[in-house]
1. Would you confirm whether any residue within region 23-33 is free of Cβ contacts under 8 Å to residues at least 60 places away in the same chain, surrounded by 15 or more Cβ atoms within 10 Å (Cβ to Cβ) and over 18 Å from Gly98 (Cα atoms)?
2. Quick one: in region 75-110, which of the residues that are among the aliphatic types (A, V, I, L, M) and within 12 Å of the chain's Cα centre (by Cα) is surrounded by the most Cβ atoms within 10 Å (Cβ to Cβ)?
3. Kindly list the number of the only condition in (1) among the aliphatic types (A, V, I, L, M); (2) surrounded by 21 or more Cβ atoms within 10 Å (Cβ to Cβ); (3) part of a loop (DSSP other than H, G, I, E, B) that fails for Leu41.
4. List the strands (runs of 3 or more DSSP E) that sit entirely inside region 85-184 and contain at least 2 residues that are at pLDDT 95 or above and of a type in the set (Phe, Trp, Tyr).
5. Considering each residue of region 34-74, count those that are in contact (Cβ under 8 Å) with a residue 40 or more places away in the chain and touching a Phe, Trp or Tyr at 6+ places or on another chain (Cβ under 6 Å), and give that number.
6. Considering only region 64-76, I want to know if a residue exists there that is of a type in the set (A, V, I, L, M, F, W, C), part of a helix (DSSP H, G or I) and more than 27 Å from Gly165 (Cα to Cα).
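The values are calculated or read from the model by the stated rules, or taken from the named source; none is laboratory data. Quick caveat: nothing in here was measured; it's all calculated off a predicted structure. Positions of Cβ are generated from backbone atoms using ideal geometry, with glycine treated the same way; all protein chains shown enter the neighbour counts.
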Amino acid sequence: MPTHDLQIESLNRSVHETAYLEFAAEFRNQGEGGFDRLDMLFSDTDQYFDWVERFEHDEDLPNGWVNMTHFIFFSGPQLVGTSRLRHTLSPALELDGGHIGYHVRPSLRGRGYATEILRQTLKEAHRIGIHKALLTVATTNAPSIRVVDKNGGLFDQEVLSPRSGETMRRYWVPTAAPTPSRQF
């Protein structure tokens with residue numbers, strides 16, 4: 001199925017729990033890190049979805065954390081990816097995290113889904129008033145660097161992640177679709 005046919009939805013436990021758990025299990029089974037609160041999701045599913053709701057509604061967040069929306073993306077019936085749109089930035093997110101994070105199911109990578117997931121999440125960022133989104137990518141993550149480049153990312157600088165100590169590349173990405181140029 002072409003990547004432009006991806007359907008974006010806000011994560012809703014009552015509708016998406018089974019598909020979301022199956023999606024997350026692929027990350028766990030692959031031994032991949034980076035999926036937010038993966039251990040919590042499988043050890044206490046209620047706590048995980050409560051956590052998602054608190055961030056969605058900006059309620060009782062831990063100090064230094066920001067409001068965010070969790071999106072999921074379907075190709076037909078299959079959940080192929082997720083994104084998190086952070087509505088504001090904290091000092092830590094300015095170095096590692098930025099406005100948007102995304103994941104693609106490990107078995108479906110390399111098919112253009114990440115590029116489309118980021119494109120659609122940028123549209124959502126624009127809709128809530130973010131006109132230029134900050135994205136941070138580890139310098140070792142060449143596939144994500146290409147995804148950011150394909151979405152118009154403008155390199156800003158390299159910084160050290162306060163979480164991992166990794167070198168991160170900061171990019172600013174316009175959230176409005178570029179105006180097509182006219183040919184005369």
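1. Checked region 23-33: at least one residue is free of Cβ contacts under 8 Å to residues at least 60 places away in the same chain, surrounded by 15 or more Cβ atoms within 10 Å (Cβ to Cβ) and over 18 Å from Gly98 (Cα atoms).
2. The residue in question is Ile100.
3. Tallying (1) among the aliphatic types (A, V, I, L, M); (2) surrounded by 21 or more Cβ atoms within 10 Å (Cβ to Cβ); (3) part of a loop (DSSP other than H, G, I, E, B), Leu41 fails exactly one: (3).
4. On the way: elements: 100-104, 132-138, 154-160, 167-174.
Those strands (runs of 3 or more DSSP E) span 167-174.
5. Qualifying residue count for the region: 1.
6. Among the residues of region 64-76, not one is of a type in the set (A, V, I, L, M, F, W, C), part of a helix (DSSP H, G or I) and more than 27 Å from Gly165 (Cα to Cα), which makes the answer no.
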